């Protein structure tokens with residue numbers, strides 16, 4: 001089983017836990033930030049990852065960013081040399097009127113890019129730029145902070161698009177995290193036809 005411990009201790013945060021890529025979708029997440037707990041639980045459930053995570057810190061910004069870093073590093077370690085993986089994953093997920101598509105390459109070259117291609121682009125952008133997650137202070141900027149840390153340290157190329165909406169911020173972020181879990185599940189699966197690393201270079205950094 002591709003399983004690792006998660007540890008990150010700084011003057012600002014203390015993060016610990018475990019991640020198993022070949023899991024059943026069980027999650028126990030305690031960060032002190034309820035929207036992030038919810039979204040990471042969805043990510044793990046739909047990606048079939050087992051995730052235990054406990055995190056505490058001084059500022060919400062530090063905590064969210066460092067959770068992304070810690071989880072990204074753990075994900076990269078769990079993949080090891082990446083031998084036999086499918087490498088690519090893509091999933092388009094619908095939640096009520098919201099549709100979000102996530103495309104992933106376990107490339108070793110970190111990229112995070114998002115966009116909106118829906119006809120309701122102006123309304124969706126207003127939701128992303130102005131709304132908060134239910135009655136909390138959690139915003140789209142916060143999930144971006146998490147994703148930047150995760151993608152950078154997991155070595156992923158991630159491109160996502162909002163294809164329909166507008167919905168609300170809760171539904172948009174749920175769709176994004178569920179789709180990301182599904183796409184990562186596909187990308188991390190072992191392809192029995194693949195011998196070695198899925199790159200003509202023979203290595204994925």
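Based on what the data block shows, is residue 152 under 26 Å from residue 2 (Cα atoms) and surrounded by fewer than 24 Cβ atoms within 10 Å (Cβ to Cβ)?
yes
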Given (1) surrounded by fewer than 17 Cβ atoms within 10 Å (Cβ to Cβ); (2) at pLDDT 95 or above; (3) touching a helix residue (DSSP H, G or I) at 6+ places or on another chain (Cβ under 7 Å), where does residue 134 come up short, assuming only one miss? (2)
Positions within region 21-37 being buried (at least 19 other Cβ atoms within 10 Å of the Cβ) and in contact (Cβ under 8 Å) with a residue 40 or more places away in the chain, in sequence order: 21, 33, 35, 36
Hey, does region 7-17 have a residue that's modelled with pLDDT of 95 or more, within 27 Å of residue 132 (Cα to Cα) and assigned to a helix (DSSP H, G or I)? no
Tally up the residues in region 60-86 that are modelled with pLDDT of 95 or more and farther than 29 Å from residue 195 by Cβ, please. 9
Among residues of region 88-97, those that are surrounded by 21 or more Cβ atoms within 10 Å (Cβ to Cβ) and either without any contact (Cβ under 8 Å) to a residue 12 or more places away in the chain or not in a strand (DSSP E or B) (or both), counted: 0
Restricting to region 38-79, name every residue that is in contact (Cβ under 8 Å) with a residue 60 or more places away in the chain, more than 12 Å from the chain's Cα centre (by Cα) and not in a helix (DSSP H, G or I). 48
Can you go through 169, 128, 147 and tell me which one is at negative phi, in contact with a strand residue (DSSP E or B) (Cβ under 6 Å, 6 or more places away or on another chain) and either at pLDDT 95 or above or surrounded by 19 or more Cβ atoms within 10 Å (Cβ to Cβ) (or both)? 147
Limited to region 22-51, what total is found for residues that are out of contact with any helix residue (DSSP H, G or I) (no Cβ under 8 Å at 6 or more places or on another chain) and either modelled with pLDDT under 95 or over 15 Å from residue 174 (Cβ atoms) (or both)? 3
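The values are calculated or read from the model by the stated rules, or taken from the named source; none is laboratory data. Nothing here was measured: the structure is a model prediction, and the numbers come from that model. Cβ coordinates were reconstructed from backbone atoms using ideal geometry, including for glycine residues, and neighbour counts include every protein chain displayed.
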